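Shown next, in structure tokens, is the structure this report addresses.
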């Protein structure tokens, strides 16, 4: 959801503020690190910081909820609205099979994002994201981005490591992260699996394919009424605070609404960004 928000909002900004101006890099497109090759060149190291928000604490991990496993084959479809434009992009999030990934039981998570007309006529976006996340705690094992935005194509396959002792294959980049780091898709599924009736705050590092952030998610309402195209729900309202190098990013406010149903379906994401507001609504769940 975060990826399509950034890209769609960036597209809106480009269309409304920059049309006819100098050519600029695509807003919202992460800068992919160089691909690792067989020459053995040094891999990037994504460094965190030693601020208290990065260190494990009493709220770092929620109580286990073994009664809520992910469901292979689940598909969630969303529509993104940016500022005064409705349905500027669509997003599909799906859960693939649970499989062995380098000796670890992992879920294959995917997301697909596409812009819709009229924005698509001037800002074409067709992105795919793949995550292989540890089945126990949803920490990232490998994160893949295949981006196609306004004709610019970027592919990045990043193998996560906390020690630097797990070399990546020739087609991937070894990326060193903090223990407990999740990618955006793993973080989305992790927040669904938190038992918010017993836990009001969680913290963890999140790597978006380019930068490492610290994210604090807090429960602010346990019974928030939400209406989206897929229906009306009672939800848990989760506010996310994002930190970079120990400083909170004040220009990005994110709020997720998770249905209080058996599946704990994410039904709505609201974002206030520096150049637009955005709303991603659930349209279909199957």
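The values are calculated or read from the model by the stated rules, or taken from the named source; none is laboratory data. Fair warning: this is a prediction, and the values are worked out from it, not measured in the lab. Cβ coordinates were reconstructed from backbone atoms using ideal geometry, including for glycine residues, and neighbour counts include every protein chain displayed.
Checking each residue in segment 231-286 for being surrounded by fewer than 21 Cβ atoms within 10 Å (Cβ to Cβ), at pLDDT below 90 and part of a strand (DSSP E or B) picks out 253, 272, 277. For residue 202, indicate whether it is over 20 Å from residue 260 (Cα atoms), outside any loop (DSSP other than H, G, I, E, B) and under 18 Å from the mean Cα position of the chain (by Cα). For residue 202, the condition - over 20 Å from residue 260 (Cα atoms), outside any loop (DSSP other than H, G, I, E, B) and under 18 Å from the mean Cα position of the chain (by Cα) - is not met. Restricting the search to segment 164-198, which residues are in contact with a strand residue (DSSP E or B) (Cβ under 8 Å, 6 or more places away or on another chain), within 17 Å of residue 257 (Cβ to Cβ) and assigned to a loop (DSSP other than H, G, I, E, B)? Within segment 164-198, 194, 196, 197 qualify.
Taken together, 281, 244, 239 contain a single residue that is more than 17 Å from residue 189 (Cα to Cα) and touching a residue at least 12 places away in the same chain (Cβ under 8 Å), which is 244.
Among the residues of segment 147-163, are any touching a helix residue (DSSP H, G or I) at 6+ places or on another chain (Cβ under 7 Å) and either at pLDDT 95 or above or more than 23 Å from residue 243 (Cβ to Cβ) (or both)?
In the first step, residues of segment 147-163 are kept if they are touching a helix residue (DSSP H, G or I) at 6+ places or on another chain (Cβ under 7 Å); the result is 149.
Filter once more, so that each one left must be either at pLDDT 95 or above or more than 23 Å from residue 243 (Cβ to Cβ) (or both): 149.
The answer is yes; a qualifying residue exists.
Only residues that are free of Cβ contacts under 8 Å to residues at least 40 places away in the same chain and either more than 15 Å from the chain's Cα centre (by Cα) or under 11 Å from residue 109 (Cβ atoms) (or both): list them for segment 136-155, please. Give the derivation first.
Step one: list which residues in segment 136-155 are free of Cβ contacts under 8 Å to residues at least 40 places away in the same chain, which gives 136, 144, 146, 148, 151, 153.
Residues satisfying the conditions are 136, 144, 148, 151, 153.
Let's see how each residue does on (1) part of a loop (DSSP other than H, G, I, E, B); (2) at pLDDT 95 or above; (3) in contact with a strand residue (DSSP E or B) (Cβ under 7 Å, 6 or more places away or on another chain):
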{"residue": "109", "(1), (2), (3)": "no, yes, yes"}
{"residue": "114", "(1), (2), (3)": "no, no, yes"}
{"residue": "117", "(1), (2), (3)": "yes, no, no"}
{"residue": "126", "(1), (2), (3)": "no, no, yes"}
{"residue": "129", "(1), (2), (3)": "no, yes, yes"}
{"residue": "143", "(1), (2), (3)": "no, yes, yes"}
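Somewhere in segment 218-230, is a residue at pLDDT below 95 and under 29 Å from residue 115 (Cα atoms)? No, the conditions are met nowhere in segment 218-230.
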